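The next block holds one structure in the form of structure tokens; read it before the comments.
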Amino acid sequence: MTHLLDTIPAAAPAGPPVARAAPRPGAGLLLPLALLSPSLVFLALFTYWPVAEVVWDATHEVTRRGTRFVGLANFTALFADPTFQRALLNNALYAIGTVVPSLVLALAFALALNGAGRVRAMMRAVFFLPVMIPLVAAAALFLFLFLPGIGLIDYHLARLGLPGANWLGDPDLALGAITVLTVWKNAGYYMLFILAGLQAIPDEAREAALLDGAGPWQRLRFVTLPALRPTFAFVGVIALLNAVTQVDHVFVLTKGGPSDATKLLLFYIYEQAAERYDAGRAAAATVVTLGLLAALTTLSLARGQGPEAAR
Amino acid sequence: MSAPVQSGPVTREITPHIARWVVAGLALVWAVPFWWMLVAAFRPAGSGADASLLPSLTPTLANFAEAWASADFPLYFLNSS
């Protein structure tokens, strides 16, 4: 025993080396920093410098006489602009109209097509096809579908004896038409993530629920959906980002019209920057959009992962 | 062992069955734009309605030749790659 006790104070001499290592962290940091510096330089140049630039633009006014600091004036002007309010409302409607249906459809697709089989594989491929074409090409395709009178939809509605509509020209319908295109384009992509999530659910959980006499809706509600919670948090964020950052179809189909019915935030920013040359307004709108997006993303990820971490 | 659990209907429940048929119907709807694109690509110019989903009885490649000649596609491929 004394032998063992002797060894404990003997650990004390190990102190000095630790003390000598104390000045080292600075020196130890040098090599990692040197190795990281190329990435850090590019990160700073192409990620953080533009952010700083946008904030600078948002708080300054550029006139022919020069540039001056205006504080939050750009933001007050932005929020007073009825077009911006319309764009914000449009984008909220568009986000709800695309995220919710495409996630519900993706879940239905994944539940029905999970598993082996040639027919299932073929149908999975059909749902994934729209993901593989560029959004611009999809919009060009749907431009013909939505043509008034002779387009695919109106032509077949007429053959059924139903009245058609000017899908992209009617202010009440245009945003809906854009939403349909987006759901068609994205549901297959989200299906892929949910399929992966379904694979991670152990068969035992389903078997146990079956033995307990759970019906299909109960199994969905109490076994499948809770297990898919992290998947939905992730896919929801992706879908939200898509609803705000994808604008190609608006350019191809409606260019924000008719009477601002399909003006989304990104299109508004583009118009302010590239057509009205109002860099301050555009930068302010960018800051607001990114702030909203960051807040919603944080909220969604926190809600999706909180109970999972608690379990 | 786990394959029948995954795919085969263990129970005689009707809901999953209906859901599968609904999804199959949606797959047809999802394929319509692509089907129309294929049909329209091979349809001779000026033969009937452009919006018809029935394939032409006299398919042609003329549309492809016209599209290829209409723009500098080799350059676009080079730009993309």
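Restricting attention to region B:33-41, does a residue exist that is in a loop (DSSP other than H, G, I, E, B), within 20 Å of the chain's Cα centre (by Cα) and at pLDDT below 90? Looking through region B:33-41, none of the residues is in a loop (DSSP other than H, G, I, E, B), within 20 Å of the chain's Cα centre (by Cα) and at pLDDT below 90. Being of a type in the set (A, V, I, L, M) and at the interface with chain B (Cβ under 7 Å from one of its Cβ atoms) is the filter; apply it to region A:118-136 and report the residue that is surrounded by the fewest Cβ atoms within 10 Å (Cβ to Cβ). The extreme case among them is A:L129. Here is the figure for region A:253-269: residues that are assigned to a helix (DSSP H, G or I), over 19 Å from the mean Cα position of the chain (by Cα) and not aliphatic (A, V, I, L, M) total 0. Report, ordered by the first and then the second residue, all pairs with beta carbons closer than 9 Å, sequence separation of six or more or different chains, a first member in region B:34-49 that is within 13 Å of another protein chain (Cβ to nearest Cβ) and without any contact (Cβ under 8 Å) to a residue 24 or more places away in the chain, and a second member that is small (G, A, S) and assigned to a helix (DSSP H, G or I). Hits for this filter: B:A41/B:A67. When region B:50-62 is limited to residues that are among the small types (G, A, S) and away from chain A (no Cβ under 14 Å), the one that is surrounded by the fewest Cβ atoms within 10 Å (Cβ to Cβ) turns out to be B:A62.
Among the listed residues A:A87, A:A121, A:A106, A:A137, which satisfies the condition of being under 23 Å from the mean Cα position of the chain (by Cα), under 26 Å from A:R221 (Cα atoms) and not β-branched (V, I, T)? When all the criteria are applied, what remains is A:A106. Starting from residues that are within 11 Å of chain B (Cβ to nearest Cβ) and loosely packed, with under 12 Cβ neighbours inside 10 Å, keep the ones in region A:204-231 and report whichever is nearest to A:A110 (Cα to Cα). Ranking the candidates gives A:W217 first. Scan region A:127-186 for residues that are among the basic types (K, R) and under 30 Å from A:A110 (Cβ atoms) and report the count. Total meeting the criteria: 1. Of the listed requirements (1) farther than 30 Å from A:Q272 by Cβ; (2) without any contact (Cβ under 8 Å) to a residue 12 or more places away in the chain, A:Q85 misses just one: (1).
Remark: pairs (first residue in region A:223-234, outside any helix (DSSP H, G or I); second residue surrounded by 17 or more Cβ atoms within 10 Å (Cβ to Cβ) and β-branched (V, I, T); Cβ separation under 7 Å; 6+ apart in sequence or on different chains) = A:L228/A:I194.
Filtering region A:173-193 for residues that are over 25 Å from A:V99 (Cα atoms), free of Cβ contacts under 8 Å to residues at least 40 places away in the same chain and not in a helix (DSSP H, G or I) leaves an empty set. Scanning region A:181-203 for residues that are over 18 Å from the mean Cα position of the chain (by Cα), within 27 Å of B:L53 (Cα to Cα) and buried (at least 22 other Cβ atoms within 10 Å of the Cβ) turns up nothing.
The set of residues in region A:137-167 being at the interface with chain B (Cβ under 9 Å from one of its Cβ atoms) and in contact (Cβ under 8 Å) with a residue 40 or more places away in the chain consists of A:A138, A:F142. If I ask for residues that are more than 15 Å from A:L240 (Cα to Cα), touching a Ser or Thr at 6+ places or on another chain (Cβ under 8 Å) and surrounded by 13 or more Cβ atoms within 10 Å (Cβ to Cβ), which ones from region A:61-106 would you list? The answer is A:E61, A:V70, A:N74.
The values are calculated or read from the model by the stated rules, or taken from the named source; none is laboratory data. As the structure is a computational prediction, the values presented were derived from the model and not from experiment. Cβ sites come from the backbone with ideal geometry, for glycine too, and all protein chains shown count toward neighbours.
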